[in-house]
Amino acid sequence: MADAMSFGLLIERLERLIRQHTEGGITTEDLIDHLKSITVQEPDNLRQTVDQACRNVMGSMLRESIVERSVMDSIVSLAIALGVKEFCSGSLPVLLLSDMFDNLPLKEGEKLFSLVEDKVAVWKEDVFFSYCKNQLLRTCNDLLRRLSRSQNTVFCGRILVFLAKIFPLSERSGLNIISEFNADNITLFSSEDYRGVVSKDSTDDGLEEGEMEDVQSAITVDYNLYRKFWSLQEYFRQPTLCYNKVHWRQFSSYSSDVLSVFGSFKLDDVKSGHWALNEDASKSDASNAVYFAKYLTSQKLLELELSDSNFRRYVLVQFLILFQYLQSTVRFKQDTQVLSEEQSTWVKNTTSLIYKMLGETPPDGEKFASHMKHILQREESWNTWKNEGCPNFKDAKPMEPIKEGRPKRRLGDEIKAAIANKKILLGNAEMNRLWNLCPDNWEACASPKRDFVPSLEKFFESAVEQADPNNGIENRYKYVYQSNYGWRSLRLLSQKSPHFFTSSNQPIKSLPVYLESMVLRLAKEMPLSTQHAMNNTSADDKTEVADYGADDSEDELLKSNEDSNSHPKDTTDLKKEATLSVAQLNALAASIGAGWKKLAPLMKFSEDEILYLAGEHNGDVVKQAHQVLVVWSEQEPDDATPSNLQVLIEKAGLKLK
């Protein structure tokens with residue numbers, strides 16, 4: 001209760017200080033000094049308290065209708081200053097603005113929106129941007145939902161311009177990444193036939209004797225044309241319908257009829273200007289002359305709309321935008337959404353016809369058509385950028401001035417200088433250096449520096465150590481069982497060992513076995529320091545490799561397959577070692593524990609198998625280690641011996657408990 005009371009008293013104290021600041025009683029520095037004097041256990045508690053106090057003051061001001069710009073600016077600026085000093089959360093300034101716009105009518109909100117626009121540089125600072133960007137976007141979208149696009153056009157434009165300033169061009173929230181369409185923009189039109197825009201009899205009755213009709217209508221608008229014209233808006237709203245064969249036939253038919261009407265009724269400057277605003281009036285009242293209009297769909301108005309050059313341009317541009325989408329490559333299009341060759345030809349021909357109509361539509365038709373073609377080409381670049389995942393734009397690096405090189409010497413002068421210095425000149429700096437290292441090529445080849453072949457003792461030193469049975473190294477880990485090592489060994493033996501060439505015609509059984517026998521033979525001829533690894537070799541270990549090394553005769557060294565298989569039972573009995581028992585597996589699993597993950601790769605377990613085993617037994621590492629040992633003993637029954645396991649444990653760097 002004491003903590004709750006102290007928290008409430010602290011909020012009341014801060015509210016009084018903030019009120020005094022907004023009224024000009026204290027400065028921002030004085031308020032910050034007061035906050036520094038407050039002692040709390042956690043800094044976050046103080047920030048939350050300041051946030052709540054500021055929002056309470058903002059709410060009370062809105063309830064009291066204190067909405068002067070200076071007062072609102074004062075409390076928002078205070079929140080910004082506190083945010084820089086980390087006395088409040090970074091999102092507090094935007095939260096205050098959001099509360100303000102939510103509780104004010106649109107007219108007042110439009111006046112105070114300059115508080116947001118004037119602080120673009122503040123919102124972009126690192127202290128606020130990461131905290132405020134989502135809240136700013138949410139606040140602006142809430143305002144746009146409340147506004148009318150036809151009545152609040154200027155305010156909508158200000159909001160959109162602000163969003164364009166505050167967010168980078170690559171901001172994904174404003175890019176329509178997945179290519180969605182505004183399917184809510186539904187165009188409704190009359191589904192019943194109307195007998196004409198104005199009947200001829202009624203027109204004649206309205207004219208007195210001697211009067212003539214000002215403008216003779218060149219377009220006969222019947223319900224069939226009216227229905228086809230406004231039905232096209234459904235395809236402009238959902239372009240993907242055109243990939244359906246049934247819808248495509250209807251769209252192409254309706255489009256051809258509408259475009260034929262446009263082509264048969266060409267506009268001139270007089271007719272197109274009949275419905276245009278007076279130029280002087282538009283200049284005197286520019287604010288009322290420009291707005292986003294949504295044309296009415298009444299059948300009685302269609303004839304007048306078709307006679308308007310702006311209306312005709314809007315419709316033709318809609319066709320161009322639709323055709324560009326149908327032919328462009330969009331990342332999120334389905335594989336089936338592709339035009340056939342016949343459809344592509346129709347789109348190409350119709351596009352040329354539309355550009356021709358735009359050029360014939362006054363005023364400045366050719367100029368308007370050229371601008372539209374350029375805009376759509378830029379749109380193609382925009383689509384390509386979106387298909388590539390919207391990478392960030394990087395400023396182009398300034399072009400570095402090209403350094404002027406020194407004038408080159410003439411080729412004849414260079415050759416004369418090379419001959420005078422007894423050097424070889426090949427035209428390349430590296431080749432010149434290589435060929436001038438030594439004047440005599442044979443002398444260079446015989447140089448001791450070029451002798452990179454190692455001695456037999458140095459090359460086979462590791463192989464001799466691995467051949468010692470006391471080391472307990474498996475055959476698959478020995479160098480002699482590696483193809484690359486075997487190939488280099490044969491080359492070295494052919495150059496430096498007299499034992500390589502034999503007079504026997506019997507074939508060698510296998511290369512690794514032959515190399516092991518040669519290693520054992522070379523070990524006897526090496527110095528004592530190198531031979532130390534072989535001193536403890538047992539004379540009774542009569543394996544196949546020992547047989548090769550024990551007898552110096554070439555006939556026994558190159559045994560045939562028949563001799564090597566004459567006593568398979570004896571050699572198997574000598575090599576056989578007891579496998580791991582169940583009791584040993586249980587004891588080893590308890591000792592290994594969590595170290596089984598280091599041991600498993602050495603037992604030829606794949607990464608997927610290790611991940612699977614790690615998810616078994618509810619995280620019990622002893623059971624997991626036991627399962628690894630059991631699986632290994634089943635898959636590798638010949639290798640699952642205590643000695644082999646000891647070698648693997650040492651390689652894994654594990655220390656048993």
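A few comments on the model shown:
- Approximate spin-label separation H371-D608, in nm, with each point projected 7 Å along Cα-to-Cβ: 6.1 nm
- Placing a label point 7 Å from the Cα of F500 along the Cα-to-Cβ direction, the residues of segment 431-465 with a backbone N closer than 12 Å are 454, 456.
- Relative exposure of C445, C390, judged by other C-beta atoms within 10 Å (fewest first): C445, C390
- Computed label-point distance, nm, for sites Q584 and K394 using a 7 Å Cα→Cβ extension: 6.0 nm
- Remark: relative contact order (segment 2-172) = 19 percent; criterion is Cα-Cα distance under 8 angstrom and separation of 6 or more residues.
- Measuring nothing but alpha carbons in segment 307-407 and taking Rh as the Kirkwood radius, the Rg to Rh ratio lands at 1.19.
- Computed over segment 2-172, the range of Cα coordinates on each principal axis works out to 55, 37, 27 Å, biggest value leading.
- When the convex hull of its Cα atoms is projected in every direction, mean area for segment 582-652 (nm²): 4.2 nm²
- Long pairs among K245/K356; K133/K367; K111/K165, criterion Cα-Cα beyond 30 Å: K133/K367
- Short to long, the 10 Å bins of the Cα pair-distance histogram for segment 380-525 hold 8, 20, 13, 11, 13, 18, 14, 2 percent of all pairs.
- Per-residue Karplus couplings for segment 379-389, computed as 6.51 cos²θ - 1.76 cosθ + 1.60 with θ equal to phi - 60°, are listed in order as 5, 4, 5, 5, 5, 4, 5, 5, 5, 7, x Hz, Gly and Pro entered as x.
- Normalised by the number of residues in segment 582-652, the mean separation of alpha-carbon contacts (under 8 Å, six or more apart) gives a relative contact order of 41 percent.
- Along each principal axis, Cα extent of segment 98-199, largest first, Å: 68, 36, 19
- Theoretical FRET efficiency, 1/(1+(r/R0)^6), r = Cβ-Cβ of L241 and S114, R0 56 Å, to 0.05: 0.80
- Placing pseudo-labels 7 Å out from each Cα toward the beta carbon at N134 and E461 gives an inter-label distance of 6.3 nm.
- If R0 equals 35 Å, the separation of the Cβ atoms of S190 and K165 corresponds to a calculated FRET efficiency of about 0.20.
- For segment 343-420 and segment 446-506, distance of Cα centres in Å: 63 Å
- With a cut-off of 9 Å between beta carbons, the residues surrounding Q324 carry a summed charge of -2, where Lys and Arg count +1 and Asp and Glu -1.
- Amide hydrogen proximity for F189: with H placed 1.01 Å from N in the peptide plane, no residue at 5 or more positions away or on another chain lies under 5 Å.
Bear in mind these aren't lab numbers, they're just calculated from the coordinates by the rules spelled out. Quick caveat: nothing in here was measured; it's all calculated off a predicted structure. For neighbour counting, all protein chains shown are included, and Cβ atoms are generated from backbone atoms with ideal geometry for every residue, glycine included.
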